[in-house]
Amino acid sequence: MFKAYKYRIYPTHEQQATLAKSFGCCRWYWNYALNLCQETYRATGKGRSRGDLQGLLPALKKEYPWLKEGVYSQCLQVVALNLSTAYRNFFEKRAKLPRFKSKQGRQSISYPQNVKFEGNYIKLPKVGLVRCRQHRSFEGKIKTVTLSKNPDGKYYASVLVEGKKEPPLLSTEGKAIGIDLGLTDFAITSEGSKYNNPKHFDKHARNLKRKQQKHARKRKGSNNRNKSRVKVAKIHAKISRCREDFLHKLSRKIVNENQVIVVESPLTPLNKGGTKGGIGMVRNHKLAKAISDVGWGMFCTMLKYKAESEGKVYLEVDRFFPSSKTCHACLNQIKSLSLDVRSWTCEHCQTRHDRDINAAINLKNEGLRILELGTSSTALGGDVRRGGRTSVLSSAVPSEEGSRYCNL
């Protein structure tokens, strides 16, 4: 079983300069290889394999000596692996077309070997001992260590570990719950509980607006503009941390209290209320910002890996199931239900429904029906599961055990 651990690291000024060279070399090689793949495809209609890209490195290092001196050789090998994986994900319709990397965005490099932890330090090739805030320990063999620098200037190390412990067997014996996701209330459970949407972006919108206005007035290419860019990035990082903190705590609470968790697919809210042609809510300029800020997909991902790591069942009901329009008491389904209608009365049994609670109850019942029948499809839709994993990194589970942020 693979687990991922993320630590904050504090490199010195000299180490930051070394890491900047490594980031630059890997970024240059990614852009060079991506451009070569595109030109080859235009000329011949074929792409470049991972072996072809890695075979270019000896000649490139002779032509560009700084490529050999600035970065650990295995990091460049990983770049070719990542690019080939990105193209495979694109052709199998799991991701978009690979894009060129910019110096201004998030920077990262991966070390597949020769990385060790020594006390409060992490030893990296060509960098040396870097102070690391290892707030939790891990057991197992280190597979890959990825160093990253966020736009706000903070450095992190993500450690992929292969443990000997196998994941527990899934069991359905216990309490079941259905969860409906929304905007006014972030999550509504089948038990009637409603969790408000914190709206993290709105809380920092005024400060972000002022910083962005100051950034826009700075002269392009100046040091002051670069400083203001970091200030804007810090606000975005603050919003991201607040959102992740809320989602981690709520998902942990739900997983601890329930054995079977049924949610609507994260794609469902994006397609509800869509106009003709399948344009969903995310295309609505009045709702796009709120949908992007709420983090439904991240929440479902957290629920899934936390539940499976404890032997609990996580189940998604696909986008075609009419959870809001079906009466959970008599199963009568109405023809249409606009988004502004928050409660309605069943014409058949005269039961008064709260729209979201009724949807959560229907999701729970549908999930239990799927588990009882042993099928992966719902009553009104086909199997919409994603394709298989493409690499060992996609199966990594972030570990919370021993973390001071985990409320068990």
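Bear in mind these aren't lab numbers, they're just calculated from the coordinates by the rules spelled out. Just so it is clear, the model here is predicted, and its values are computed rather than measured. Ideal geometry is used to build each Cβ from the backbone, glycine not excepted, and the neighbour counts take in all protein chains shown.
Of 46/96; 164/364; 101/231; 6/116, which pairs sit farther than 25 Å apart, going by alpha carbon to alpha carbon?
164/364
Based on DSSP H runs of at least 4 residues, each adding -39500 (n - 2.57), what is the mean residue ellipticity at 222 nm of the chain after dividing by all its residues, to the nearest 500 deg cm²/dmol? Walk me through the numbers on the way to the answer.
On the way: 12 runs with 165 residues, N = 408.
Theoretical 222 nm ellipticity from helices: -13000 deg cm²/dmol.
In debye to the nearest 20, how big a dipole does the chain give about its Cα centre with +1 on each Lys and Arg Cβ and -1 on each Asp and Glu Cβ?
2780 debye
Points 7 angstrom from Cα along the Cβ direction at residue 335 and residue 222: gap in nanometres?
Distance between the two pseudo-spin positions: 6.3 nm.
Tell me the angle of helix 355-373 to the major Cα principal axis of the chain, expressed in degrees between 0 and 90 and rounded to the nearest ten.
Its long axis makes an angle of about 80 degrees.
In whole Å, what are the extents of the stretch 95-148 along the principal axes defined by its C-alpha atoms, from largest to smallest?
Taking the Cα atoms of the stretch 95-148, the three principal extents are 40, 22, 21 Å.
Relative to the compact-globule scaling 2.2 N^0.38 Å, provide the ratio for the alpha-carbon radius of gyration of the chain.
The reported ratio for this selection is 1.13.
Where does the stretch 2-162 land on the Kirkwood hydrodynamic radius, alpha-carbon pairs, in angstrom?
Details: mean 1/r = 0.0595 Å⁻¹.
Its Kirkwood hydrodynamic radius stands at 16.8 Å.
Suppose we look only past 19 Å in the calculated P(r) of the stretch 117-200. What percent of the Cα-Cα pairs does that tail hold?
64 percent
Could you derive backbone 3J(HN,Hα) for the stretch 64-74 from the dihedral phi with the Karplus parameters 6.51, -1.76 and 1.60 (θ = phi - 60°), listing whole Hz in sequence and x where the residue is Gly or Pro?
10, x, 5, 5, 7, 7, x, 8, 5, 4, 5
If you stretched the chain out fully between residue 90 and residue 173, how much longer would it get, using 0.36 nm times the residue separation minus the C-alpha to C-alpha distance?
That pair, residue 90 and residue 173, stretches by 26.0 nm at full extension.
Could you work out how far apart the two model spin labels at residue 139 and residue 44 are, taking each label as a point 7 Å from the Cα in the direction of the beta carbon, and quote it in nm?
Rounded to a tenth, the inter-label distance reads 5.0 nm.
Can you work out ³J(HN,Hα) from phi for every residue in the stretch 325-333, in order, using Karplus 6.51 cos²θ - 1.76 cosθ + 1.60 and θ = phi - 60°, giving whole Hz and x for Gly and Pro?
So the J values, rounded to whole Hz, are 9, 10, 6, 6, 7, 10, 6, 6, 10.
With label points built 7 Å along Cα→Cβ from the Cα atoms of residue 368 and residue 10, find their separation and express it in nm.
Each label point is offset 7 Å from its Cα along the Cβ direction, giving 5.3 nm.
If you take the charge dipole of the chain about its Cα centre, with +1 on Lys and Arg Cβ and -1 on Asp and Glu Cβ, which of 28, 237, 299 is farthest toward its positive end?
Of the listed residues, the answer is 28.
I'd like the Karplus ³J(HN,Hα) series for the stretch 8-15: coefficients 6.51, -1.76, 1.60, θ = phi - 60°, whole numbers in Hz, and an x wherever there's a Gly or Pro.
8, 10, 10, x, 6, 4, 5, 5
With 29 Å as the limit, write out which pairs from 211/289; 218/289; 199/306; 103/253 have Cα-Cα distances beyond it, or answer none.
The pairs that break the limit, which is 29 Å between Cα atoms, are 103/253.
Per 0.36 nm of contour for each residue apart, how much would the distance between residue 183 and residue 120 grow if the chain were fully extended, relative to their Cα-Cα spacing?
Full extension of this stretch gives 18.5 nm more.
With a Förster radius of 51 Å, plug the Cβ-Cβ distance of residue 60 and residue 350 into 1/(1 + (r/R0)^6) and report the FRET value to the nearest 0.05.
0.10
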